[in-house]
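Presented below is the structure to which this report refers.
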Amino acid sequence: MSTGNTAKTVVLSSIITTIVLLGILFSLSDYVTQHIAAVVEERVTLILPAPLAADHKTISAIKAANPAVVSVVVTKDVPIYEQYYESFNPFGFFGGFQVPRVRENGTEEKEVGGGSGFIVSADGLIVTNRHVVSDTDARYSILLNEGASHQVEVLARDTQLDIAVLRVVSEESVNLPYVTFADSDKLQLGQSVIAIGNALAEFRNSVSVGVVSGLARSIVASDGLGNSEVLEEVIQTDAAINPGNSGGPLLNTDGKVVGVNVATSRGAENISFAIPADLVENVVASVQKYGEIVRPHIGVYYTMLTEQISNANSLPVDYGAWVVRSGGGGEAVLPNSPASMYGLENGDIITTIDNMKLQNKSLAAELRNHAVGQTVNLTVIRGEEELQIKLELGKME
């Protein structure tokens, strides 16, 4: 073969090879582009200085979660009052005088409250605080951050936690942005968290950033109207929580929900509280499965022991759930309950459930971590004996 033909062959082969490679690269271009973008996103914290890297992660988390955070709007028909004047002439002379009076003249729909919430499923399941939607005579709607409004119905109000589950009411299927839950048991003191909510029921999707200041707190929360309740195992944070933030999510820097903002300390700065995500996720799962909040129970009345109660009653331990009725009268073990069927008695002290000590934690709080039908092992003190009782948890009615 001549040198010229060899050169032509080499050139032709190079052209064919180049065309083939270009074709392969073109077919893989989408994959390569996505892969490069993912690598850049993953490695950006290695390139940026530490403060900028932290900001980048926080901003990314907010961008991911913000579309799923909603403002809850409370509306109600309220009376319309008008003033009128009524003649009053008690003595029948000098023409009398006009007395101003007020009377009701129909009703009008009016916004009477608001709070925050977040979407947890594409078909429009929403979590908020129970106290945000406590009025059974009111109507509720949500406002997305981009402005769209949806009517919602209240599926469940939790009697134990300040949590409610709503659902978008729509004749057509919806496909809404939503957030997912993180494992709140893995939270650590000093961990960065983000709060998003409808601050003051006016500033939609306001963002504040802070850290986890405390874990497993017990507080007494009041709504300012004389109603109060004990909230156990709550997360303390210094992220700013204002009226209107109630029901909004507390997020980690991955944009996942670690808690539901529920309360703030009056007269103090930067002390706020959130219900842990693990407890809330159980509530959502129950509503999705049963259409209501279903919780397990043993079937006893009890008093959580303290050192003072123990000393006053000469009890052998100063912790645990003491199976007695308040006031000292009546049967503390409910008939036909798991406690009755498996042999618990008045005066028993339940000290552990599955080796979890009931110290600084109520029986109800520990049971929230279990499911109906689950078998648990109880350590029970009866007189001078320590017993092991295995029972299957029933459904709380």
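Remark: for residue pairs LYS76/LYS256; LYS289/LYS395; LYS186/LYS390; LYS110/LYS256; LYS57/LYS186; LYS186/LYS361, the C-alpha separation exceeds 25 Å in LYS76/LYS256; LYS186/LYS390; LYS110/LYS256.
This model, with +1 at the C-beta of Lys and Arg and -1 at the C-beta of Asp and Glu, gives the range 264-327 a dipole about its Cα centre of some 240 debye. Think of the range 296-395 as a dipole: +1 on every Lys or Arg Cβ, -1 on every Asp or Glu Cβ, centred on the Cα centre; then among SER337, LEU305, VAL323, SER337 lies furthest on the positive end.
In plain terms, the bigger the Kirkwood radius, the slower the diffusion; for the range 184-290, with that radius from Cα pairs, at 20 °C and 1.002 mPa s, Stokes-Einstein puts D at 154 µm²/s. Across the range 164-172, rounded Karplus estimates of 3J(HN,Hα) from the backbone phi angles (6.51 cos²θ - 1.76 cosθ + 1.60, θ = phi - 60°) give 9, 10, 10, 9, 5, 9, 8, 6, 10 Hz, Gly and Pro being marked x.
Of the GluC sites (Glu not before Pro) found in the range 140-200, those in coil by DSSP whose Cβ has at most 11 other Cβ atoms within 10 Å are GLU146, GLU171, GLU172.
Quick note: the coordinates plus some simple rules give every number you see, no bench work behind them. As the structure is a computational prediction, the values presented were derived from the model and not from experiment. Counting neighbours? That spans all protein chains shown, and the Cβs are built from the backbone with ideal geometry, glycine included.
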